[in-house]
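The values are calculated or read from the model by the stated rules, or taken from the named source; none is laboratory data. These numbers come from a predicted model, not from an experiment. Backbone-built Cβ (ideal geometry, glycine too); neighbour counts: all protein chains shown.
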Amino acid sequence: MIEEIRAKKILFHVKYDDPWFGLKYNMNIYRGCQHGCIYCDSRSQCYQIDNFDVVRVKINAVKLLKKELPSKRKKGTIGTGSMGDPYIPLEKKMKLTREALKVIASNHFPVHIITKGDLVVRDKDILQDINRIYSAVSFTVTTSDDKLAKKIEPGAPTPSERFKAMKDLADAGIYTGLTMMPILPFIEDNDANIRDIVEKAGVHGAKYIIPSFAVTLRDRQRAYYYHKLDKLFPGIRKKYETRYGNDYGCSVNNAHRLRTNFKELCRRYGIETKMSKYDDGQPVQLSLF
């Protein structure tokens, strides 16, 4: 289901120091998502998005951006994709993300995109233009298995399609890598999955992988996730309830070993576990570990 809405504002200042992506501003054109990921934290009550499967399109987003962006005296990276993927299937028709990127390019701001959508390749030309300053695209991949991904991310392009898109952008000189998060306990937390993700990332041009060896669960998001577990992975829910109770952060099994092996694999393939950000006119590196 699609709803058109008019936003009052499109660009929001990031008030805290962002250790993950170095963002100064946040922008989300779509509120809600078509990818249907069973683990999405944005279903939580704190984000006040009722029925996350309904996509609310901010149809005046580009107009607002044209007005707001020139007033920003401080250059800083604009992030998009935190609360709704900018490359959901609807974007193919609406082209609002593409038009927003044109505005960002014309105002000479850097950008960082988080997505599961291979449609981002369509906008390679604009990203190359922005990349005269700085542009980064992070593809979220939690499993290398296309069949498993179709269970947990039913509306998203397969991981193999995302890797292909990443290679396309990397070959075009775009700074690109992975957000390997969340890794789902009892489903994705095994050595083979982590190894295969890192190996495929290396082959497809990833410069970095930002990991999280956990999943977050709270209120209605937890209820939705458990409902899906009962349908897709019978018996797994009981393991979550026994191990985590009402915990918000649910670390994977053997987290220390998986993290250690992950870092060693990244060193082997020349992949960073941190990414650079744009700061005062030049890219500098962030650090997570």
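Please pick out the residue among P182, P154 that is under 28 Å from K238 (Cβ atoms), buried (at least 22 other Cβ atoms within 10 Å of the Cβ) and not hydrophobic (A, V, I, L, M, F, W, C).
After applying the criteria, what remains is P182.
Against the condition outside any loop (DSSP other than H, G, I, E, B), basic (K, R), more than 19 Å from L127 (Cα to Cα) and modelled with pLDDT under 95, how does R56 come out, does it pass?
In short, yes.
Return the total of residues in the range 120-138 being surrounded by fewer than 22 Cβ atoms within 10 Å (Cβ to Cβ) and among the hydrophobic types (A, V, I, L, M, F, W, C).
Counting residues in the range 120-138 that are surrounded by fewer than 22 Cβ atoms within 10 Å (Cβ to Cβ) and among the hydrophobic types (A, V, I, L, M, F, W, C) gives 3.
Mind checking which residues of the range 5-43 are crowded, with 20+ Cβ neighbours inside 10 Å, among the hydroxyl-bearing types (S, T, Y) and in contact with a Phe, Trp or Tyr (Cβ under 7 Å, 6 or more places away or on another chain)?
Y25, Y39
Would you call I88 closer than 28 Å to K228 by Cβ, of a type in the set (A, V, I, L, M, F, W, C), within 17 Å of the chain's Cα centre (by Cα) and crowded, with 20+ Cβ neighbours inside 10 Å?
yes
Suppose we filter the range 204-222 for residues that are out of contact with any helix residue (DSSP H, G or I) (no Cβ under 8 Å at 6 or more places or on another chain) and within 20 Å of E272 (Cα to Cα); how many remain?
Residues in the range 204-222 being out of contact with any helix residue (DSSP H, G or I) (no Cβ under 8 Å at 6 or more places or on another chain) and within 20 Å of E272 (Cα to Cα): 3 in total.
Listed here are the residues, each with its yes/no results for (1) part of a loop (DSSP other than H, G, I, E, B); (2) on the phi < 0 side of the Ramachandran plot; (3) in contact (Cβ under 8 Å) with a residue 12 or more places away in the chain; (4) of a type in the set (G, A, S).
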residue	(1), (2), (3), (4)
E3	no, yes, yes, no
P19	yes, yes, yes, no
N26	no, yes, yes, no
I38	yes, yes, yes, no
S42	no, yes, yes, yes
N51	yes, no, yes, no
K63	no, yes, no, no
L69	no, yes, yes, no
G79	no, yes, yes, yes
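Which one of these does D171 not meet: (1) of a type outside the set (S, T, Y); (2) crowded, with 20+ Cβ neighbours inside 10 Å; (3) out of contact with any Phe, Trp or Tyr (no Cβ under 6 Å at 6 or more places or on another chain)?
(2)
When the residues of the range 98-118 are narrowed to those that are in a helix (DSSP H, G or I) and in contact (Cβ under 8 Å) with a residue 40 or more places away in the chain, which ends up nearest to the chain's Cα centre (by Cα)?
Across the range 98-118, the extreme among qualifying residues is D118.
Among the residues of the range 134-149, which ones are in contact with a Ser or Thr (Cβ under 7 Å, 6 or more places away or on another chain) and among the charged types (D, E, K, R)?
D146
Do any helices (runs of 4 or more DSSP H) entirely within the range 127-235 hold 3 or more residues that are of a type in the set (V, I, T) and modelled with pLDDT of 95 or more, and if so, which?
191-203
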